[in-house]
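Below is one structure, written out as structure tokens; comments come after it.
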Amino acid sequence: MSLPERLRSILLLLGLLAFAGAVAQDEDEAIVPETIDELLAAINDVLEDTNTPAVAIAIVNEDGPEYIGALGKANIENDIDADADTLFRIGSTSKMFVALSVLQLVEEGRLSLDDKLADLAPEIEFENRWEQNHPIRVVHLLEHTTGWDDIHLPEYAHNDPTPATLKEGLDFHPHSRTSRWQPGTRMSYCNAGPPVAAYIIQKITGQDFEDYVHENFFAPLQMAGATYVRSEGVQERGATLYTNGKPEEYWHILMRPSGSINASAADMARFLLLFLGRGTHDEVQYVSPASLERMEAAMTTDGAKAGLEVGYGLNNYSFRHENWTYRAHNGGVNGGLTEFAYLPEAERGYAFMINSGSGAAFGDISELIRNYQTQDLEGPEIPEAVAVSGDEREIEGLYHPINSRQQLSYFLDRALGVDRLWLEDGKLKRRPLLGGEDTEYVPAGDGKFLSPHTGRVVLVQTEDPLAGPVVHLGTVVLRPVSPLVVYGQLAIGALWLVSIGTSFLYLLVWGVRKRLGKVPAGPSTMIRVWPLLAGASIAVFVVLFTVGMNDVFERLGKPTGISIALMLASLAFAVFAVLGAWTAVRERNAEMNRFNYWYSAISSGLHLLMALYLGWFGIIGIQTWA
């Protein structure tokens, strides 16, 4: 349950740190450990280089555990070493137990993935304007295809040490559960879906969800330390989590099924063996191989229906490492990151947990373990490219993503997340417009394109019921967009930032002249003042947000002086932008230097355009606690 891998929306500009993806090493400098000892030595170097206190590691293969242990300090202050039984927070990896529980009930005939949420739990509040013809079903809750926003900041910020019931958690702030598109068409990661599925499990079984998981998974798998709450075991053997070297308080997550589990390396090894055994461990069958195959397949999106072979299944996703496709789920909490991954075909997998929020450490450790695990594996044969048809050539152009994790982030995604697709030398190529490496895809016909590394279909052309022709690239949905719109947005944004910066420099000139009595009061002054105040409002907004991020839950997740001032700063920006544009038009014949007039008038015009843009996407008047 990452704070978003990442509250991704306002977060690039407004700053919420989402869980960042792994930072891969340069291929030319990749370290490939040949033995466990070499691997542990390399990981220890990563801990030292990134100031990460500890890592717990479980590595397994078809013969069983290959390594279970830990390196470093579970607690720095008390000089406590981490070991195989030290408990770490595994974050969103917890979601896998929701999917497995649902699949158990499906096998028992007590539940179906196609059952409607409204029929199973009408008391759970949600909004879906397509409910009559496109209802939300259980499968959408697990594949994250409900179209809901990720949970909002107040839900993340909720931190009551007295555990709320699952129903109380779902009733606390249901506003995020509004479908933005037809359920089952696009994937968008959402921490609300799995808890709703867990609530359905409670209703069917008559047990608290956590009790069901303990009885059906933790106890029989002998995951002795695994728990959803801060138990006595966690207090005695739990690793202290650290952010920038400072210990974090225990986060009592409101949506516990989405990210609250504490587990050790020993626990995670047993959980991995369940997947390598295709649902069976120690001769006990928990789910059938067919259920696990369904868990590992994304099936509900339009991309999956068009032949996409990667993506997010039932709380289980795919990622590529060189020529191999891992099934996995990672997780992040404040001060802790986890990765759980396995190769079904090769019967090997790993899990590791660190008590740090270091994305660099996470990426480097992940890369080292994967390099070790795959060193002796042969890559797949890649099919030959097929000729691209005339219709498929229409894929060329500019695209922006339309399935933002939170709708609030769409104002950034549509401007900064643009990709260019083009055909060259019989291959499809993609490049982020604002910089990045080219990625190649192999045409396979019928609007499908393969990874040249794995041979799997990773990109497809299809039709979205709302957006029209789109491209599904893994879990991202891309919509074609006009170059005029793309470059127009970037140009306006760049000019706006320049106008803000120069307005403060300009003040040094006309402010002095004003004090010398060379700038008269009235229109010629106000034409200059309004854009200056608009720019100052944005500067104040950024400062407030930065201060709020130092304790995001307490300062921004609740109505505090900082969060309220943040809202007022955004409103002030809009007011000053309107006043500036209105004054510039009304006083266009004011007696003043024409360069000064046009500079101020253009600045006010840019502020007005940005105020309209930000207002359209909900940033003006933003209430981070709502």
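None of the figures in this text is laboratory data; all of them are computed from the coordinates on show. Values in this document were obtained by computation on a predicted structure and should not be read as measured data. Every residue, glycine among them, receives a Cβ derived from its backbone with ideal geometry; neighbour counts consider all protein chains shown.
Highest-first packing order for the peptide set 242-255, 519-532, 107-120 is 519-532, 242-255, 107-120, based on the mean count of other beta carbon atoms within 10 Å. Taking a cut-off of 17 Å between Cα atoms, list the lysines near residue 427, but don't count ones fewer than 8 places away on the same chain. Partners found: 448.
As a calculated quantity, the FRET efficiency between residue 31 and residue 595 at R0 = 51 Å, using C-beta atoms, amounts to about 0.30. Selection among 476, 606, 286 by position relative to the dipole of the chain gives 606 as farthest towards the positive end (Cβ unit charges, Cα centre). The distance separating the Cα centre of the range 530-567 from that of the range 462-510 comes to 23 Å.
Note on the range 95-230: Cα Rg divided by 2.2 N^0.38 Å, N the number of residues, gives 1.05. The mean of 1/r over all distinct Cα pairs in the range 392-481, once inverted, gives the Kirkwood hydrodynamic radius of 13.4 Å. Answer with one residue from 500, 363, 195: the one whose Cα lies farthest towards the positive end of the charge dipole of the chain, charges on Cβ with Lys, Arg +1 and Asp, Glu -1. The one lying farthest along the dipole's positive direction is 500.
Normalising by the residue count of the range 486-626, find the relative contact order in percent from Cα pairs under 8 Å and 6+ residues apart. So the answer I get is 31 percent. Of the GluC sites (Glu not before Pro) found in the range 315-367, those in coil by DSSP whose Cβ has at most 12 other Cβ atoms within 10 Å are 345. Each Cα pair under 8 Å and six or more residues apart adds its separation to the average, and for the range 293-429 the resulting relative contact order is 12 percent. Among the listed pairs 167/246; 95/558; 95/116, those with a Cα-Cα distance over 23 Å are 167/246; 95/558.
Within the range 541-626, the proportion of C-alpha pairs whose separation exceeds 15 Å stands at 62%. Put simply, the C-alpha atoms of the range 103-169 give a gyration tensor, and the ellipsoid matching it has half-axes of 24, 17, 11 Å, longest first. Ellipsoid fit via the Cα gyration tensor, the chain: semi-axes of 45, 29, 25 Å, each the root of five times an eigenvalue, largest first. For residue 208 and residue 387, the FRET efficiency from 1/(1 + (r/R0)^6), where r spans their Cβ atoms and R0 equals 45 Å, is about 0.20. For the pair the range 289-359 and the range 363-426, the centres of their Cα atoms are 16 angstrom apart.
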